[in-house]
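Undergrad: Input: one structure, supplied below.
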Number of protein chains: 4
Amino acid sequence: MKNSAILLVSCPDAKGEVASIADFVYRHGGNILHADEHADQESGLFLMRVEFDPKDFDIDLSAVDPTQFNPAQAVHPGSARTGLSEFAKHFDPIAEKFQMTWRLAVSSHRQRMIIFVSKYDHCLVDLLYRHQSGELACDIPLIISNHPDNQPIADFYKIPYAVVSVRKDNKRDSEARIQSLIDQHRPDFLVLARYMQILSNEFVNRYPQRIINIHHGLLPAFIGARPYHRAFERGVKLIGATSHYVTEVLDDGPIIEQDVVRVSHRDTVEDLIRKGRDLEKMVLSRAVRWHIENRILLYGNKTVVF
Amino acid sequence: MKNSAILLVSCPDAKGEVASIADFVYRHGGNILHADEHADQESGLFLMRVEFDPKDFDIDLSAVDPTQFNPAQAVHPGSARTGLSEFAKHFDPIAEKFQMTWRLAVSSHRQRMIIFVSKYDHCLVDLLYRHQSGELACDIPLIISNHPDNQPIADFYKIPYAVVSVRKDNKRDSEARIQSLIDQHRPDFLVLARYMQILSNEFVNRYPQRIINIHHGLLPAFIGARPYHRAFERGVKLIGATSHYVTEVLDDGPIIEQDVVRVSHRDTVEDLIRKGRDLEKMVLSRAVRWHIENRILLYGNKTVVF
Amino acid sequence: MKNSAILLVSCPDAKGEVASIADFVYRHGGNILHADEHADQESGLFLMRVEFDPKDFDIDLSAVDPTQFNPAQAVHPGSARTGLSEFAKHFDPIAEKFQMTWRLAVSSHRQRMIIFVSKYDHCLVDLLYRHQSGELACDIPLIISNHPDNQPIADFYKIPYAVVSVRKDNKRDSEARIQSLIDQHRPDFLVLARYMQILSNEFVNRYPQRIINIHHGLLPAFIGARPYHRAFERGVKLIGATSHYVTEVLDDGPIIEQDVVRVSHRDTVEDLIRKGRDLEKMVLSRAVRWHIENRILLYGNKTVVF
Amino acid sequence: MKNSAILLVSCPDAKGEVASIADFVYRHGGNILHADEHADQESGLFLMRVEFDPKDFDIDLSAVDPTQFNPAQAVHPGSARTGLSEFAKHFDPIAEKFQMTWRLAVSSHRQRMIIFVSKYDHCLVDLLYRHQSGELACDIPLIISNHPDNQPIADFYKIPYAVVSVRKDNKRDSEARIQSLIDQHRPDFLVLARYMQILSNEFVNRYPQRIINIHHGLLPAFIGARPYHRAFERGVKLIGATSHYVTEVLDDGPIIEQDVVRVSHRDTVEDLIRKGRDLEKMVLSRAVRWHIENRILLYGNKTVVF
């Protein structure tokens, strides 16, 4: 893959923003590979993603270090992140003029993803295969599970696998153990690949727009448990899956991707579950890839996928 | 279109049902064109649709008169409908043995459909065009609307158009007027083609599995008003439409057909409404065609579409 | 709809193009509403579409007159079109520096579309309805047909309808008559809505990227006649439709849009034709809308739809 | 999974066929679980699939041995297969009366599938995972490859893996070696999971309706090599994959399943290949599952999938 730098910007809509950003990249020797922008008329918000070739870029990007998992900095990473100081020093005048929240990523840095899984293995197996085949350009320092069952596939792909059992009476301890593993492996983001445990609000709030979940229903329909059973009972003609960022409210976070498949009276609940597995794999893997490629911007409780 | 007779059966699952029905048709000289059956393991229900060529059938079917809009007979039409007496006389031994609820339709009889519409005209225009082009093999004795706006397109297709205005203070009178129009035009079923008025439970209960509605959301998501606006606010990546039979509970009747279309951050609410119009037309017209072709059987609150 | 100006650009890929264009719009007081660009790595081509609010734009755009159907100017409209002189005068330095081919459109100008149709009326009826309902923001000065059959629907929508019969022995005369109607009604583009006559190469070459056709097959499969029959014979599980710009080579022009629908052994050729009608309507109407909104750019024999 | 017996029948269309088959199953104590039939009006062909519960069936089915890979018997398996003699003895009068070609399968017998693969591993990995998770109720006695690369994943799933290298100068020997492996492992059918070698006509003809291939194009478009590259060059808006039975003519056998995915100008050839991998996995695995479930009947060069 070609080396590239990606600048993500969101700010109040105003004249001259595209010009200022494009001119900045050009003045410093960058060649724009892709540029996407969206002006949300209702909210008056401007969002932009610029991917440029940094080969001749005259600002040193080597210190850019997105492996630091600091969500406070992630939201307003500009001035705060010392690693970005060179770029930030140059870009700050524009950022301040337009009240921009921005983030810079370089593709040469491979993001670090920790996968959470329980017993259902289809999403895990799918992510590991895509990772190995080069579809997901990230590193996987660790898999965390509340069951030992999926150790063999982790071993096959040579990914460390930690079992953190969760019982009603040890939830607090389990999460502390998980937190310690995260602190140790410094992931950029977490993926819940059919992880069947609820994470505390405290934990979730520590990683805004950093935890990707797959829900086996077409949200906002069938929030919560046993969505395929409930879809079967309602007699729907399509079932769906939804990948979203996790927030405090169950299944309510910003939706990244959704897809559906047709079902009929010939399909039992087991058929729905089987068809759903393919949906879940596809939908989750797309969301993960877009996240890795820094394509997703939030506004309100919604996503823009550039 | 070829002439055909369609026998619809539902009963508790038991051995010998397919054989008994197929043998009955064969013994009386009918040639089976299509046969579909479904045994629902969970509920222990058996459902079957047999379409046969009645050319050499030795039971007189000429008295079969499904234009009678008698819902009580529609549900258990067997012995009650005098028009079916010849067929019923012969089929009743089988029906009694297996506790069958059944219905017979002949394609030579064109069903009568009354369309209800308000101001939004896309579903109406679509149904009228499909009707005229031969896609919907039914008669349309009347269009009923609470607004005069769609009179011109009704005139173009030479379909009578009755305006029954509905205000808060005349709901009861309006429904009486509608009832009188129905009694006069004797439809087999009613289609709510984006009709924006709520019909009373009393009215709805008079026509079980006889009123087809189109809802502009992917039920059970976005029940009720303004589904596209709520889909937009939730940031979904797919919007849908649902056609269902109307029951007492709002947007809760048996689902006949659903479909979706992809949307993105580039789509405004207006774009959702525009894309949704195409969905609604497609989904409603399929449901209407299947109803006309006697393909839909109910079990519980679900449909089988053979 | 909001007033907007759309600048379409294609040129060899080079540094600074996005910046130059964005800066140009900004310097002259335009507010960018949408910007899309694509750099085709293989061909080294850069394509861009910028939509901006011209309210405070300080260059007079009132003379922009895209109703002139001059294909030579359409391809390199810059300096040649006197109507664009004010804008061109200012933009030419940038255009020359980057060897840009460009075109400017203003949404306040409604494009003029002539529809060609034969006997099959589904695409015509669909386009006329969408036009009347405001989905297609264009004018329709004329419908041309080789049959009188569709006069009534044209009358209903109050669109002039000219019958130009085509027989083997009068092809040249017919085309001359068509040319004369075009010269008289000055359309911006032509739509072949299941027009069953072949237009001469001479005619086609006069309107590059100005004639939109709908083919009832998923090109490049089933080029030529009776695609549904051939799809049926081959036993495909999906049928498709393709909208493309017309070129000299049959069904070989740049593809604008395609879509498919699932078929099975239960579908006869007549069912394929019926299902195909919905496909054709959807696919053609999308292509026409995108053309009207100036979203389509050509490169080689392919399209970019921004 | 429930035990079941499946009777597949094809014959000239005639009155009384459904009744005769259903009555036969009933008389012998079988309970029909699913029945599907199709009368192809054009060819005058009748096709039927009856799945019944053999628990109380009074004909001994234990000798039914579909593992014998004898294609001549597969086509007219009735009287020829000694293993079927008990059933055949009873069913032959009906079969002869209606000139039926028929086949009986029992779900208790797990079919044996040999997978052929080259270097691309996505379809192999997918099939092995689905097999292990219980989605594909068959045995896999062997994987055959012309490269050693995929040995590790075969080892992980504990499936024997044979490397049969194929060079220009040893094609005949390679095929003899493959034939010997087949004779030894007695598969019911073969799956070409992106196997990049051409099998001889002689070999192919030995296994009619027994070799399933996946082609990475939407047949009949893009027959032959490099379909994604050619799709990219043509500028299509949808790419597809096709699973079909292999016949003598390249990519011309009866189509079992097809599916598509949307592409745009933003997709490079590499993106098409990536998106195509998911298509290929889905389409091939569906075809394999239907084959295993004895759902596929041939007529002419087409399939019915019940």
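Undergrad: Could you work out the mean count of beta carbons from other protein chains within 10 Å of each residue's beta carbon in D:257-267?
TA: Numbers: counts 2, 6, 4, 7, 1, 4, 1, 5, 10, 4, 0.
Across the residues of D:257-267, the mean count of other-chain Cβ atoms within 10 Å is 4.
Undergrad: Out of all DSSP beta bridges with both ends in the protein assembly as shown, state the antiparallel percent to the nearest 5.
TA: On the way: 154 of 218 bridges.
Roughly 70 percent of the beta bridges in the protein assembly as shown run antiparallel, per DSSP.
Undergrad: So which of A:Lys275/C:Lys281; B:Lys281/D:Lys281; B:Lys281/C:Lys281; C:Lys302/D:Lys275 end up more than 24 Å apart, counting from Cα to Cα? Could the numbers behind the result be given before it?
TA: Details: A:Lys275/C:Lys281 31 Å; B:Lys281/D:Lys281 33 Å; B:Lys281/C:Lys281 12 Å; C:Lys302/D:Lys275 20 Å.
Distance filter (> 24 Å) returns A:Lys275/C:Lys281; B:Lys281/D:Lys281.
Undergrad: Would you please classify the overall shape of segment D:111-305 from the alpha carbon gyration tensor, given that a ≥ b ≥ c denote the square roots of the eigenvalues, rounded means a/c under 1.5, and beyond that prolate means a/b larger than b/c while oblate covers the rest? Mind dumping the intermediate values first?
TA: Values: a/c = 1.42, a/b = 1.37, b/c = 1.03.
Rounded, because the longest to shortest axis ratio a/c is under 1.5.
Undergrad: So for segment D:259-306, Kirkwood radius off the Cα pairs, Stokes-Einstein at 25 °C and 0.890 mPa s: how many µm² s⁻¹?
TA: On the way: Rh = 12.6 Å.
Value of D from the Cα-based Kirkwood radius: 195 µm²/s.
Undergrad: May I ask you to derive the FRET efficiency for C:Arg167 and B:Gln179 from their Cβ-Cβ distance with R0 = 56 Å, giving the value to the nearest 0.05?
TA: E between C:Arg167 and B:Gln179, to the nearest 0.05, is 0.50.
Undergrad: Put the label 7 Å from Cα along Cα→Cβ for A:Glu86; what are its distances to the other copies, in nanometres, shortest first?
TA: 4.7, 8.2, 9.4
Undergrad: Amide H neighbours of C:Thr303 under 5 Å, counting only residues 5+ apart in sequence or on other chains, H built in-plane at 1.01 Å?
TA: C:Ile255
Undergrad: With springs only between Cα atoms under 10 Å, which of D:Arg210, D:Arg234, D:Arg112 fluctuates most in a Gaussian network model of chain D?
TA: Maximum fluctuation in the GNM of chain D, among the listed residues, is at D:Arg234.
Undergrad: In addition: Explain nothing, just compute: Karplus ³J(HN,Hα) = 6.51 cos²θ - 1.76 cosθ + 1.60, θ = phi - 60°, for every residue of segment D:19-35 in order, whole Hz, x for Gly and Pro.
TA: Those phi angles translate into 4, 5, 5, 4, 5, 4, 4, 5, 4, 8, x, x, 10, 5, 8, 9, 9 Hz.
Undergrad: When you have a sec, figure out the Kirkwood radius of the protein assembly as shown from all distinct Cα pair distances and drop it here in Å to one decimal?
TA: Working: mean 1/r = 0.0301 Å⁻¹.
Result for the protein assembly as shown, one decimal place: 33.3 Å.
Undergrad: Tell me which D residue has its C-beta closest to the axis rotating D onto A, and the distance in Å?
TA: Residue and rounded Å distance to the axis: D:Phe156, 3.
Undergrad: Right, another one. Students often forget the sequence filter, so: which lysines lie under 22 Å Cα-Cα from C:Lys171 once same-chain residues fewer than 8 apart are removed?
TA: Within the straight-line cut-off, C:Lys171 pairs with C:Lys119.
Undergrad: Let me ask something additional. Between the alpha-carbon centers of segment C:214-253 and segment A:206-222, tell me the distance in whole angstrom.
TA: Computed from Cα coordinates, the inter-centre distance equals 41 Å.
Undergrad: For segment C:172-185, what does the Karplus curve 6.51 cos²θ - 1.76 cosθ + 1.60, with θ = phi - 60°, yield as ³J(HN,Hα) per residue in whole Hz, taken in order and with x for Gly and Pro?
TA: With coefficients 6.51, -1.76 and 1.60, one gets 5, 5, 4, 5, 5, 5, 4, 4, 5, 5, 5, 4, 6, 9 Hz.
Undergrad: Can you tell me the FRET efficiency between A:Ser43 and B:Glu86 if r is taken as the Cβ-Cβ distance and R0 is 60 Å, rounded to the nearest 0.05? Working shown, then result.
TA: Working: r = 68 Å, r/R0 = 1.14.
With a Förster radius of 60 Å, E is 0.30.
Undergrad: Then there's this: Straight-line reach from D:Lys55: which lysines have Cα under 16 Å away, leaving out those fewer than 8 places along the same chain?
TA: B:Lys15, D:Lys2
Undergrad: Mind checking the mean number of beta-carbon atoms from other chains within 10 Å of the Cβ atoms in A:38-49?
TA: Numbers: counts 5, 5, 2, 3, 4, 0, 0, 0, 1, 1, 1, 0.
So the per-residue partner count for this stretch is 2.
Undergrad: Sort shortest first the distances from D:Gly224 to its counterpart in every other copy, using label points 7 Å along the Cα-to-beta-carbon line, and give them in nm.
TA: Result, one decimal in nm: 1.7, 5.9, 6.1.
Undergrad: In addition: Around C:Asn146, which amide H atoms from residues at least 5 apart in sequence, or from another chain, sit under 5 Å from its own amide H, with H modelled in the peptide plane?
TA: Amide H neighbours of C:Asn146: C:Val117, C:Val164.
Undergrad: If you count, for every residue in D:218-228, the Cβ atoms of partner chains within 10 Å of its Cβ, what is the mean? Display every interim value, and only then the final one.
TA: Values: counts 8, 5, 8, 9, 2, 1, 0, 0, 0, 0, 0.
Other-chain Cβ atoms within 10 Å of each residue's Cβ, averaged: 3.
Undergrad: A further question follows. From the label point of B:Arg262, set 7 Å along Cα to the beta carbon, how far off in nm is each other copy's matching point, shortest first?
TA: Label-point separations across copies, in nm and ascending: 0.4, 1.7, 1.8.
Undergrad: Related question: Given R₀ = 45 Å, FRET efficiency for A:Ser264-A:Asn301 by Cβ-Cβ distance, to 0.05?
TA: Values: r = 34 Å, r/R0 = 0.75.
After rounding, the FRET efficiency stands at 0.85.
Undergrad: Okay, moving on. For chain B, set up a Gaussian network in which alpha carbons nearer than 10 Å are linked by springs, and say which option among B:His215, B:His291, B:His90 fluctuates the most.
TA: B:His90
Undergrad: Whole-Hz ³J(HN,Hα) for each residue in segment B:218-232, computed from phi via Karplus 6.51 cos²θ - 1.76 cosθ + 1.60 with θ = phi - 60°, x for glycine and proline: what do you get?
TA: Residue by residue, segment B:218-232 yields 8, 3, x, 6, 6, 5, x, 7, 6, x, 5, 4, 6, 5, 4 Hz.
Undergrad: Test of the criteria: in segment C:147-176, which trypsin sites (Lys or Arg not before Pro) are in a DSSP loop and have at most 11 other Cβ atoms within 10 angstrom of their Cβ?
TA: Qualifying residues, ordered by number: C:Lys158, C:Arg167.
Undergrad: Another question, then. Measure nothing fancy, just the Cα-based angle from helix D:122-132's long axis to the longest principal axis of chain D, in degrees from 0 to 90, nearest 10.
TA: Here the helix axis deviates by roughly 40 degrees.
Undergrad: In addition: Give the distance, in whole Å, between the Cα centre of segment B:106-141 and the Cα centre of segment C:266-294.
TA: Result: 21 Å between the Cα centres.
Undergrad: Find the Rg to Rh ratio for segment C:212-306, where Rh is the Kirkwood radius over alpha-carbon pairs and Rg uses the same atoms. Numbers along the way, then the final one.
TA: Values: Rg = 13.5 Å, Rh = 13.6 Å.
In segment C:212-306, Rg relative to Rh is 1.00.
Every number in this text was worked out from the coordinates using simple rules, so none of it is lab data. As the structure is a prediction and not an experimental result, all values here were calculated from the model. When we count neighbours, we look across all protein chains shown, and the Cβ atoms used for this are built from the backbone with ideal geometry, even at glycine.
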